[in-house]
């Protein structure tokens, strides 16, 4: 098994870990607020058919937001696990080094540009 490349210093790993943890906390808060909205904790649904339709449409959007946030949290957790295993920064598919620029846009990146492009 390959191990972490030399391009990730301890400082870079700490920074990436902090960024992942901060994003995960933000997403966890978002999920909590979405679930509160979906459970109608603020009170019962307003009366009226037109309003009910809007509320139902909003619920669909909230469920999409929740699903997306849960998916991103899973990717963050996987990235943190790769850090613990010492393989953060290595492509899960080919084992090659993931370009550092990829982590600027997506600190949870798990594939190199080539493997990500190939699908």
| remark: Between the modelled labels at residue 22 and residue 100 (7 Å from Cα along Cα→Cβ) the distance in nm is 1.9
| How do the peptides 28-38, 88-98 rank, highest first, by the average count of neighbouring beta carbon atoms within 10 Å per residue? | 88-98, 28-38
| message | Nearest 10 degrees is fine. How inclined is helix 49-85 to the longest principal axis of the chain, computing both from alpha carbons? | response | 20
| remark: Quick calc of log₁₀ I(q)/I(0), the range 47-119, Debye, one scatterer on every Cα, no solvent, q values 0.16, 0.21, 0.26 1/Å, result -0.64, -0.89, -1.13
| message | On C-alpha positions alone, give me the angle between the axis of helix 10-38 and the longest principal axis of the chain, in degrees, nearest 10. | response | 10
| request: Work out how far the C-alpha atoms of the range 10-87 reach from end to end along every principal axis, then list the three figures in whole Å, largest first. | output: 58, 17, 14
| field | Virtual spin-label span in nm between residue 11 and residue 77, 7 Å along Cα→Cβ | value | 3.3
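Every number in this text was worked out from the coordinates using simple rules, so none of it is lab data. Just so it is clear, the model here is predicted, and its values are computed rather than measured. Glycine gets a Cβ as well: all are built from the backbone with ideal geometry, and neighbour counts include every protein chain shown.
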